[in-house]
Each structure stands twice: as C-alpha cells, then as structure tokens.
Amino acid sequence: MSRELRLPEMGLIVLVGVSGSGKSYFARRHFAPTQVVSSDRCRAMVADDENDQSATGDAFDLLHHIVGKRLRRGLLTVVDATNVQPRSRQALVRLAKEHDVLSAAIVLDVPEHVAAERTRARPDRDLPDHVIPRQRRELRRGMRELHREFKRVYVLEGVEEVDAATVVYEKAWNDRRELTGPFDVIGDVHGCRAELEDLLRDLGYEIRHDALGRPDGATHPGGRTAVFVGDLVDRGPDTPGVLRLVMGMVRAGDALCVSGNHESKLVRALRGRKVRVAHGLAESLEQLAAEPEGFRAEALAFMDGLISHYVLDGGNLVVAHAGLKEEYHGRASGRVRSFALYGDTTGETDEYGLPVRYPWARDYRGRALVVYGHTPVPRAEFVNNTICLDTGVVFGGSLTALRYPEREIVSTPARRVWYEPVRPLEDRPPPPPPVTGGGTPAC
C-alpha cells in the first residue's frame, strides 16, 4: 500500500484537496514546520481568526509573499491550502517559474463523507454543507489540468494510501556539491581532438585507446576530474574523436560535461529538425555521417542528456557554457538553460553580425567561482570571481584549462588555424611549423 513520493529538495510542493482531506496533518507528518505555508495560518495572522473568510484575499497576499521569499532563497516550500481551483494553483505555479524552481502537486483524494465527518468534528470549523461537495467538483474538473501545471503530480486515493505515503527527496541534476575535486575545467574544444590530447597529457592524464587505437578515455593518476564547459563539436576536423574521448571519460567517472550551444544545435540537426547549417555544423554532420550508426546513436544520446550547468564543491564552483548569474545557480528552467547556453544578449548585432552580449561578469559578486567559455578571448583572465576558458583553439589560439582549487591556468597552443573566425581573434599567436611525416592527421 506504500506510495513513494519523489520530491525536489529545492522547489514548490502544493497540497491539493477539499477541506477535511487531511492536508495539514499530512504536512505535519512529512515536512518541517518552517517549510509549510498554511492559508489558515496566514488568515489568522492578518485577522486573528483563521476562519474569517473576509480576510481570505489578504491571507493569500501574505501566503504568496512568503512563498516568493522562500523560493528566492532556494528553500523547499509546501503550500497547505485547498488549491482545488485552477486560478489559485496558477498563481503558485507562476511563483515557481519566476524563481526557476521545480514544482510538484500532491492530491489527497479522500471520500467526501470522510472529509465531511472530519470537518464536523472540528469545533473551530463551521462550513456550510455545500462547501465540500463544491470543492470536490472543482477538484474533479481540474484534475486533468494538474499534469499540465506541475512537473510532477501524485494522486493519493483514499485514507489508506494517504497514510501509507512516504517522501523521498531528490537533488537537482545540476547539484553535485558533494564533489570537491580537484578539478581540471577545460574550455571549448570544437572538434580539436589532437589539441585535447595534448592538453590532457600536460595536465597529467593517461589516455586510453580502443582496439582501433582511437582515444576513448583518460584518467588522472592523482584522482583529478575533468569538467568540460561544452562546445566539444563543430568547426574542427575531428568532432567524432572528441566525442569518443570525452564520452569515455564521462562514462568512466573521470569527467563531467555540460552542454554548449553547439551540442544543442547538433542534437536538433541529428533529429531532423530544421536548423541553419552554419558555424561549423556542416563539418560535424559530415564527420558523423562517416561513423557507424551505433556510434552516432550513442553520441546523440550523450549530447541530448547534457545538462545546463553544475554546482560543485559545496557551492563554491559553478560550471556553465556561457556563464551564469548568481540567482540562477542550481536552478532549473528554460530561462536558466538559455542563459547557460547562450548568455544574455541585447538583441543587437555587432559589425561582424554576431550577437552583442551583456557583460554579466563585470557585475558578478557571487561567492561561487563561475567558469565558462562560449565567447573566444585572447587569454583566460579572472573577472570578479569568473573566468572564460574559450581561448579559440579552433581559430588558431589555444586550448585552456583551469586547475581547481589551485586557480592555475594551463594552455596548449593550437596546431594550426582550423576555422577562420568571423570576428578576428586578438593576439593570436603564430602557428607552430607544420608537422611532417605520416600518422593520424592532427587537430
């Protein structure tokens, strides 16, 4: 009879049920008193009487204010109210979206006669007989809408199922605070497999090879973990080779990887969506077409499963492809993912036709070090506890890593210019002399 409710550690939980369905008792059993925001309690606070229906408007103004403050601070918040009407739930769902947190609904669906008997047994509660039947009709009408309103919906049917329910908390996918490193955060690779191998060796990693001699993993003997900021693909000569190496590292637990905007676009293209084939996408599609179907399927699943950002080392380190404002750290929404993949733009373009981006790092004052890439820079430099590691390896610059927590920058020069940038890469070092002889073409 036991029913396991898997709820987010940080987010909004909305209890739904008619008067007398046992919401307050359920909240006391499963949540801390400070986590529960009750409409009855708010009514009492504004009117000295939780049954004063004339104070309902003010009570819910207070309830929404408290819920918003708690969600802004990243605290699990449980709303104890009937919530049988769609408009009352919609106001709460809007608050969850405004604060970029997940939301879940728990419906306590007990028989009408049970709810009525419980209500009559309360000396402080005098509801007209028509109220509970009306609430139940509203609940029934709105049941289908619940699954469109909330990320998760649990319906507990009957007293026994309500009493047998257990709550299990789930961390957000981006919450890896328990991982303390040390880490080697690696900037945009863009298909430059040979330079990635060079950098990994410079960082002390031992590269593994498959039966065909292709790099398919790397381990650091000192137990360090690589973290890739995304944009593994496009422009360079060996996108499949980069994917094979990084996928092997992630699979073995030697690396983490977040999504870049180029992975996101390549996924859409591989799924047959209409995308503009530009900025190196054509090269990736051509290179992947030469790979076995099984590898393409594995690469597609890997890229499609990459998340927007990671919060690491107790919240002291955040890795996102295009960076991330402090208020988005650890949050989950389309808005957060968009910022992590593309940054924040003005809607204008520069003289090269590229988006003009807000310099969010100049205003950043957060405790966490934010490490990112996306926009090529001549060299990696710290700005207000942030650092951009995209030093334009595919444009003839270098491939850069940050050792954390040492804050040591390690760079490997590009072997050549593989793709001419739209905007000139400033201070680009001269390419080394060409490598002669046979062997696998360098990246």
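The values are calculated or read from the model by the stated rules, or taken from the named source; none is laboratory data. Predicted model only: the values in this text are computed from it and were never measured. Virtual Cβ from ideal backbone geometry, glycine too; neighbours counted across all protein chains shown. Keep in mind that these areas ignore ligands, DNA and RNA; they rest on the heavy atoms of the full protein, side chains included. Shrake-Rupley method; radii C 1.70, N 1.55, O 1.52, S 1.80 Å.
Using amide H atoms built 1.01 Å from N in the peptide plane, name the residues 5+ places from LEU317, or on other chains, whose amide H lies under 5 Å from its own.
Result for LEU317 returns LEU312, LEU369.
Given labels modelled 7 Å from the Cα in the Cβ direction, how far is it in nm from ASP129 to GLU286?
8.1 nm
Going by accessible area, probe 1.4 Å, with all protein chains left in place, what is the ranking of THR34, THR219, THR400, largest first?
THR34, THR219, THR400
Past 20 Å, Cα to Cα, is the threshold; run LYS151/LYS171; LYS23/LYS69; LYS97/LYS274; LYS171/LYS265 against it and keep the listed order.
Over 20 Å apart, Cα to Cα: LYS23/LYS69; LYS97/LYS274; LYS171/LYS265.
Show me 290-302, 236-248, 63-75, 2-14 ranked by packing, highest mean number of other Cβ atoms within 10 Å first.
Result, highest mean first: 236-248, 2-14, 63-75, 290-302.
Compute the acute angle (0 to 90°) between the alpha-carbon long axis of helix 261-270 and the principal axis of greatest extent of the alpha-carbon atoms of the chain; round to the nearest 10°.
Its long axis makes an angle of about 90 degrees.
Dipole of the chain, Cα-centred, from +1 at each Lys and Arg C-beta and -1 at each Asp and Glu C-beta, to the nearest 20 debye?
My answer is approximately 800 debye.
Distance from the Cα centre of region 282-355 to that of region 1-45, in angstrom?
Distance between centres, Cα-based: 36 Å.
May I ask for the angle, rounded to the nearest 10°, between helix 131-149 and the longest principal axis of the chain, with both axes built from Cα atoms and the value confined to 0 to 90°?
Taking Cα atoms only, the helix is inclined about 10 degrees.
Which residues does the label zone of THR375 cover in region 389-408, counting backbone N under 16 Å from a point 7 Å along Cα→Cβ?
Those under the cut-off are 389-392.
With the Cα gyration tensor of region 268-413 in hand, give its eigenvalues times 5 under a square root as the equivalent ellipsoid semi-axes, listed largest first in whole angstrom.
For region 268-413, the ellipsoid semi-axes come out as 27, 19, 18 Å.
Would you mind computing, in nm to one decimal, how far apart the modelled labels at LEU212 and GLU348 are, each placed 7 Å from Cα along Cα→Cβ?
The modelled label-to-label distance comes out at 4.9 nm.
Any idea how far apart TYR358 and ALA121 come out in nm if each label point goes 7 Å out from Cα toward Cβ?
Output for this residue pair reads 5.4 nm.
Please work out the Cα center distance from region 238-270 to region 67-109, rounded to the nearest Å.
35 Å
Is any residue of region 1-35 close enough, with backbone N under 15 Å, to a label point placed 7 angstrom from the Cα of ALA164 along the Cα-Cβ axis, and if so, which?
It comes to 1-5, nothing else.
Quick one: length gained pulling ARG177 to VAL155 fully straight, 0.36 nm per residue minus the C-alpha distance?
4.7 nm
Over region 268-330, what is the mean sequence separation of C-alpha contacts under 8 Å (at least six apart), divided by residue count, expressed as relative contact order in percent?
Rounded, it is 18 percent for region 268-330.
To the nearest Å, what is the center-to-center distance of region 110-133 and region 395-411, using C-alpha atoms only?
Using only Cα atoms, the two centres lie 66 Å from each other.
Considering the zone a paramagnetic label at ALA91 would reach in this model (a point 7 Å from Cα along the Cα-to-Cβ line), which residues of region 1-30 have amide N under 17 Å from it?
13-17, by backbone N distance to the label point.
Can you tell me, using C-alpha contacts under 8 Å and at least 6 residues apart, the relative contact order of region 291-400 as a whole percent?
In percent, rounded to a whole number, it is 20.
Looking at region 57-130 from every direction and averaging, what is the projected area of its Cα convex hull in nm²?
For region 57-130, averaging the hull's shadow over all directions gives 6.1 nm².
At 1.4 Å probe radius, can you tell me the per residue accessible area of the chain in Å²?
47 Å²
Could you work out the pair-distance distribution P(r) of region 271-345 from its alpha-carbon pairs, with 5 angstrom bin width and percents rounded to whole numbers?
Reading the bins upward from 0: 3, 13, 18, 18, 17, 13, 11, 6, 1.
For the chain, restrict the atom set to alpha-carbon positions and state the Rg and Dmax in Å.
Radius of gyration, then largest Cα-Cα span, for the chain: 26.8, 92 Å.
Before anything else, pin down the relative contact order of the chain: Cα pairs under 8 Å, at least 6 apart, normalised by residue count, whole percent.
The value is 15 percent.
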